[in-house]
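The values are calculated or read from the model by the stated rules, or taken from the named source; none is laboratory data. All figures in this text were calculated on a predicted structure; none of them were measured in a lab. All Cβ positions, glycine included, derive from the backbone under ideal geometry; neighbour counts span all protein chains shown. These area figures cover heavy atoms from the full protein model, side chains too; ligands, DNA and RNA do not enter into them. Shrake-Rupley method; radii C 1.70, N 1.55, O 1.52, S 1.80 Å.
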Amino acid sequence: MTGVHEIISPPVGAQPPRARTRSDAGELSLDGRWRFAWSPTALSGKDPADPGDTWDEIQVPGHWQLCGYGAPAYTNLRYPFPIDPPHVPEANPTGEYRRIVRRPPGWDGGRLLLRFDGVDSWFEVWLNGSPVGRASGSRLTVEFDVTELLTGGDDLLAVRVHQWSFASYVEDQDQWWLSGIFRSVALLHRPAGGIDDVHIVADYDQHTGDGLLRVEARSGEPVTVELAELGVRGVAGETIRVPSVEPWSAELPRLYRVLVATGAETISADIGFRTVRVDGGRLLLNGAPLVFRGVNRHDFDARSGRALTRDALERDVIGMKRHNVNAVRTSHYPPDPYFLELCDRYGLYVLVECDLETHGFSLVDWRGNPSDDPAWGEVYLDRMRRTVERDKNSTSVVMWSLGNEAGWGVNLAANARWTSDRDPSRPIHYEQDVECEAVDVYSRMYPTFDELDAIGRHDEPALADPARDVRRRGLPMLMCEYAHAMGNGPGGLADYEAIVDAYPRLAGGFVWEWTDHGLAGEGPDGRRTYRYGGDFGEPVHDGSFVIDGLLFPDRTPSPGLSELAAVVAPVRMRLDGDQLRVRNRWSFSTTEEVDFRWLLELDGEVMDAGRLDRIVVGPLSESRVTLPPAVRRAERDAPAGGELWLTVTAATGSARPGVDAGHVLARTQQRRRAAAPSREAEPLPPAAEPRPATLDGRFDHAARPKALGPFAVAQVGLDVWRAPTENDRYPGRGAQVSLETRWRAAGFDRLVDRTVEVQLGEASVRRVARYGSPGIDSGFDVDCHWTARDDRLRLDVVIERRGEWRLPLPRLGVVLALRCADPGAAELEWLGLGPGESYPDSRSANWYGRHRMTVRDAQVPYVVPQENGNRSDVRWLRLTGPEGGLRIEGAQPFEVAVRPWSTEQLERARHAAELDETGLLWVHLAAGVTGLGSASCGPPVRSSGQYRAARVRLGFDFVPEAG
Ligand code: IPT
């Protein structure tokens with residue numbers, strides 16, 4: 001039996017799609033409490049004429065799975081049902097919604113429309129039991145004419161929503177399956193003589209500085225156009241030249257209010273003048289290079305799924321602006337319409353994507369892919385039309401995307417044709433049109449660094465068809481996805497940026513993705529936890545692949561976002577002797593309003609600070625300025641000894657949309673003077689004579705210290721392993737085997753030790769040990785030598801790899817477990833890179849200096865626990881617990897992570913809330929660590945970020961300090 005929701009069809013009974021406008025015509029929100037009944041199958045048994053007076057209530061907009069009916073399920077590309085289009089399982093959860101609608105008084109004449117902005121996935125509508133229409137296209141607006149069905153009294157609106165439908169086959173985006181009326185519903189008055197649709201094109205002519213305004217309107221009446229601010233008046237259908245406008249860009253989002261009116265209706269639109277073009281192999285905005293420093297963004301909230309408040313949308317936009325992000329790809333569907341209003345206003349370039357993905361067909365070699373099946377042609381076209389028509393007047397929308405991961409075929413080619421006819425003002429994007437047969441830009445996902453570089457040089461592998469090859473090679477290229485931000489990562493952002501910077505052909509890209517999609521819940525002891533695939537008992541799921549954002553689910557930024565902000569900063573600086581080089585990477589703004597300041601520190605202590613004179617660098621230019629004499633003076637006056645560091649920051653001098661004055665845009669540092677030569681060169685003192693008694697009883701029989709400062713020592717050992725990151729778990733582009741697999745094969749996760757030799761002397765003790773793994777003949781030889789000087793202990797350790805290894809090491813150093821009554825609350829202070837975590841391929845966001853926080857705050861709460869919290873280039877650190885203080889000084893800069901739990905705990909826990917502090921402070925001191933990469937979808941850690949030392953020597957002094 002085929003249900004009506006299994007018929008491949010565009011909406012039935014719907015109005016032609018049209019622009020979203022702000023109008024003075026009547027609008028009544030139908031959001032709020034609705035009656036609701038849930039059924040496990042499509043046959044709900046409910047009558048559309050039943051008002052549901054005794055049913056439950058539910059909030060609209062919302063997803064029923066997040067209101068206690070059924071459960072969310074997560075799959076990436078796999079369909080969670082058999083591939084048998086257009087059919088779906090009989091177990092098809094269905095929601096019956098009811099509410100009373102009253103036509104407001106004063107809405108005289110004209111027509112009445114019922115508008116749905118988002119219903120997942122298929123629905124049918126009745127008024128007073130009479131059918132109105134049916135539709136799918138979960139993230140696409142649809143309107144129905146209900147003029148004849150509304151009585152003016154209490155009218156019963158009934159909506160039946162099925163979770164699964166034929167449309168589910170073209171909505172296979174990588175996200176939670178969540179159903180229901182999840183965006184707003186409204187009743188609209190369309191006055192007689194009103195404007196049924198409007199299309200506003202506002203071009204900018206960069207040669208003359210003029211704006212070109214053209215308004216097309218659908219109305220039975222004459223339509224006037226007015227831009228009062230510039231004294232412009234005209235009529236729809238004509239092109240109005242507006243002299244000397246200020247153009248719109250994400251940097252300077254200048255909007256003008258345009259009124260489009262008939263006697264019956266006035267539409268007010270905030271419009272920016274701007275022109276997007278592909279020209280000479282480059283992507284241009286107003287004639288200047290348009291480079292996306294963007295993110296992919298889903299509509300998502302940890303509590304309400306894809307149903308978002310205006311505040312939540314605004315928070316996202318402000319968050320992007322504060323992290324130097326200038327672009328968004330609305331993966332993989334049109335966003336909540338309010339989002340685009342915000343992007344216009346705050347300034348973000350938007351790539352709006354059609355609600356279309358059939359990725360699951362890739363798992364059956366694309367057999368039966370709807371993209372190439374004419375039976376789906378009308379459905380495809382309808383989706384594209386609804387995408388373009390709704391948002392065609394948004395200034396921020398600079399490009400259309402046909403969809404994501406839907407293979408290639410006749411229906412997509414037709415959508416491209418339709419779109420370029422309908423809106424020649426914006427280029428078309430679609431990544432899977434690999435030969436660029438129908439698109440205007442060449443797009444790639446997760447290219448390796450080498451691939452990107454080759455494309456930058458127009459040197460990518462050739463297409464078989466020479467004509468197509470020539471065309472594609474001449475197109476600008478963007479990365480619609482890159483730098484997979486799953487778990488700890490992405491590493492390598494700075495490497496990508498350097499390549500993008502080097503080649504005019506490259507128009508930047510969009511990091512995957514803005515936010516983790518963890519759903520909020522309660523873990524053990526009522527602690528907040530975030531759920532991912534499998535946590536709702538889904539039989540088929542893709543685990544934590546949905547946790548791959550730059551923000552944690554609660555919308556706090558992860559270190560990956562700070563790294564991105566630093567890497568894509570619009571101002572770049574470099575200190576070079578007495579000169580500061582300033583590069584302005586803005587395309588339209590000078591650095592006139594940027595506030596440059598300097599700071600001189602000696603071992604993290606501020607010596608002096610000041611402000612630099614105004615530095616005015618034009619867009620996309622560079623200049624050098626000489627540092628003021630005050631800097632040289634301060635350097636000269638600084639006491640001898642210690643490291644002297646100069647920092648220059650560039651901050652916003654005045655507020656910009658979403659960004660306050662004083663917001664640091666960029667920072668650069670230089671070591672101006674090295675410390676006195678380190679002790680590293682000193683030879684290890686010879687071990688004293690073996691003696692049965694331990695050094696004042698401070699060591700055990702195996703030459704391990706019983707205490708370090710005030711902390712009793714529970715464990716000392718070699719430290720090689722790390723709790724694998726999500727990126728460690730995957731091989732990555734161009735590789736066959738993941739780091740985790742290689743590391744486990746080498747036995748790093750289960751090293752055992754054997755004492756080779758112990759020497760217990762009066763002033764020093766020494767333990768030589770061999771570390772290996774079951775079944776493996778490679779390992780490490782470790783020589784730990786402790787010497788005592790007064791109340792301090794010094795550790796000198798030599799670690800040597802033994803065997804035929806060719807692989808990078810997670811880390812190489814020692815770990816200490818110290819007993820501490822409250823390890824999370826212990827204070828951690830250090831001189832080195834901070835305040836955030838850093839790894840060899842992700843350290844741009846941090847700066848050298850003195851940093852301080854609790855051990856708990858030094859942990860990064862990745863939803864799936866994994867390696868985190870490393871700090872690099874550390875000279876010394878201080879730990880202060882209830883027991884007292886301990887200072888650890890390195891004979892050379894070292895890497896450190898201090899945790900209130902062990903690597904094993906971190907590895908075992910599947911959710912952050914499962915991590916318990918157990919009265920131990922774990923101090924990981926290393927000579928080096930391996931970077932992060934983005935192998936969970938992109939390339940693995942580059943060789944420059946892999947730690948491969950074969951022999952290291954580390955030295956530390958442990959000094960007790962008053963707590
Ligand atoms: C890519 C998808 O487009 C995106 O939606 C997301 O699933 C991402 O992967 C992984 O998180 S497609 C992949 C085959 C490169």
Quiz prompt | Of the criteria (1) open to solvent by 10 Å² or more (accessible area, probe 1.4 Å); (2) out of contact with any strand residue (DSSP E or B) (no Cβ under 8 Å at 6 or more places or on another chain), which one residue 529 fails | solution = (2)
Quiz item: Scanning segment 416-438 for residues that are within 16 Å of the ligand (Cβ to nearest atom) and assigned to a loop (DSSP other than H, G, I, E, B), which turns out nearest to residue 213 (Cα to Cα)?
Solution: 430
Practice problem: Scan (1) under 35 Å from the mean Cα position of the chain (by Cα); (2) more than 16 Å from the ligand (Cβ to nearest atom) for the single condition residue 153 breaks and write down its number. | Solution: (1)
Exercise. Would you please name the residue that is farthest from residue 331 (Cα to Cα), looking only at residues in segment 346-372 that are more than 15 Å from the ligand (Cβ to nearest atom) and of a type in the set (Phe, Trp, Tyr)?
Key: 346
Exercise. List the strands (runs of 3 or more DSSP E) that sit entirely inside segment 599-660 and contain at least 3 residues that are open to solvent by 50 Å² or more (accessible area, probe 1.4 Å).
Key: 605-611, 622-626
Quiz item: Do the conditions hold for residue 381, that is, is it assigned to a helix (DSSP H, G or I), within 16 Å of the ligand (Cβ to nearest atom) and of a type in the set (A, V, I, L, M)?
Solution: no
Self-check item: Matching entry among 562, 587, 558 (being farther than 23 Å from residue 847 by Cβ and of a type in the set (S, T, N, Q))
Solution: 587
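The rows are residues; the columns are (1) more than 16 Å from the ligand (Cβ to nearest atom); (2) farther than 22 Å from residue 933 by Cβ.
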{"position": "504", "(1), (2)": "yes, yes"}
{"position": "516", "(1), (2)": "no, no"}
{"position": "533", "(1), (2)": "no, yes"}
{"position": "544", "(1), (2)": "no, no"}
{"position": "548", "(1), (2)": "no, no"}
Quiz prompt | Number of the exception - residue 19 against (1) in a loop (DSSP other than H, G, I, E, B); (2) closer than 30 Å to residue 196 by Cα; (3) more than 34 Å from the chain's Cα centre (by Cα) | solution = (3)
Self-check item: Positions within segment 22-48 being basic (Lys, Arg) and part of a strand (DSSP E or B), in sequence order
Solution: 33, 35
Practice problem: Would you confirm whether any residue within segment 181-189 is basic (Lys, Arg) and either in a strand (DSSP E or B) or not assigned by TED's automatic domain parsing to the domain that holds residue 69 (or both)? | Solution: no
Quiz item: Can you pull out the residues in segment 433-452 that are closer than 27 Å to residue 942 by Cα, touching a helix residue (DSSP H, G or I) at 6+ places or on another chain (Cβ under 9 Å) and crowded, with 20+ Cβ neighbours inside 10 Å?
Solution: 442, 447, 452
Quiz item: Can you tell me which residues in segment 434-453 are farther than 26 Å from residue 203 by Cβ and under 26 Å from the mean Cα position of the chain (by Cα)?
Solution: 434, 444, 445, 446, 447, 448, 449, 450, 451, 452, 453
Quiz item: When the residues of segment 384-415 are filtered to those that are in contact with a Ser or Thr (Cβ under 7 Å, 6 or more places away or on another chain) and part of a helix (DSSP H, G or I), which remaining residue is surrounded by the fewest Cβ atoms within 10 Å (Cβ to Cβ)?
Solution: 390
Quiz item: How do the strands (runs of 3 or more DSSP E) wholly within segment 49-158 filter down when requiring 2 or more residues that are farther than 14 Å from residue 187 by Cβ: which remain?
Solution: 56-60, 73-75, 94-101, 122-127, 130-136
Quiz item: Just checking, how many residues over segment 344-378 are touching a strand residue (DSSP E or B) at 6+ places or on another chain (Cβ under 9 Å), assigned to a helix (DSSP H, G or I) and surrounded by 24 or more Cβ atoms within 10 Å (Cβ to Cβ)?
Solution: 0
Quiz item: Out of 564, 580, 550, which single residue is over 31 Å from the mean Cα position of the chain (by Cα) and buried (at least 20 other Cβ atoms within 10 Å of the Cβ)?
Solution: 580
Quiz prompt | Residues of segment 488-523 that turn out to be among the small types (Gly, Ala, Ser) and open to solvent by 10 Å² or more (accessible area, probe 1.4 Å), as a count | solution = 6
Quiz prompt | Where a residue in segment 298-309 is without any contact (Cβ under 8 Å) to a residue 12 or more places away in the chain and its partner, wherever it lies, is open to solvent by 10 Å² or more (accessible area, probe 1.4 Å) and in a loop (DSSP other than H, G, I, E, B), with Cβ under 6 Å and at least six apart | solution = 301/308
Quiz item: Of all strands (runs of 3 or more DSSP E) completely enclosed by segment 692-794, which ones contain at least 3 residues that are under 38 Å from the mean Cα position of the chain (by Cα)?
Solution: 711-719
Self-check item: Flag if residue 341 is within 24 Å of residue 275 (Cβ to Cβ), within 16 Å of the ligand (Cβ to nearest atom) and not β-branched (Val, Ile, Thr)
Solution: no
Quiz item: Looking only at residues in segment 473-492 that are farther than 12 Å from residue 511 by Cα and more than 14 Å from the ligand (Cβ to nearest atom), which one is nearest to the chain's Cα centre (by Cα)?
Solution: 488
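Rundown of residues vs (1) touching a residue at least 60 places away in the same chain (Cβ under 8 Å); (2) under 37 Å from the mean Cα position of the chain (by Cα), yes/no style:
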{"residue": "633", "(1), (2)": "no, no"}
{"residue": "640", "(1), (2)": "no, no"}
{"residue": "644", "(1), (2)": "no, yes"}
{"residue": "647", "(1), (2)": "yes, yes"}
{"residue": "653", "(1), (2)": "yes, yes"}
{"residue": "660", "(1), (2)": "no, yes"}
Quiz item: Regarding residue 99, is this residue touching an Asp or Glu at 6+ places or on another chain (Cβ under 7 Å) and open to solvent by 30 Å² or more (accessible area, probe 1.4 Å)?
Solution: no
Quiz item: If we scan segment 41-56, do we find a residue that is open to solvent by less than 50 Å² (accessible area, probe 1.4 Å) and under 30 Å from residue 265 (Cβ atoms)?
Solution: no
Practice problem: Sort out for me the strands (runs of 3 or more DSSP E) sitting completely within segment 241-329 that have 2 or more residues that are within 30 Å of residue 63 (Cβ to Cβ) and under 19 Å from the mean Cα position of the chain (by Cα). | Solution: 292-296
Quiz item: If we scan segment 399-412, do we find a residue that is within 26 Å of the chain's Cα centre (by Cα), more than 16 Å from the ligand (Cβ to nearest atom) and at pLDDT 95 or above?
Solution: yes
Quiz item: So which residues in segment 303-338 are more than 16 Å from the ligand (Cβ to nearest atom), surrounded by 18 or more Cβ atoms within 10 Å (Cβ to Cβ) and among the basic types (Lys, Arg)?
Solution: 321
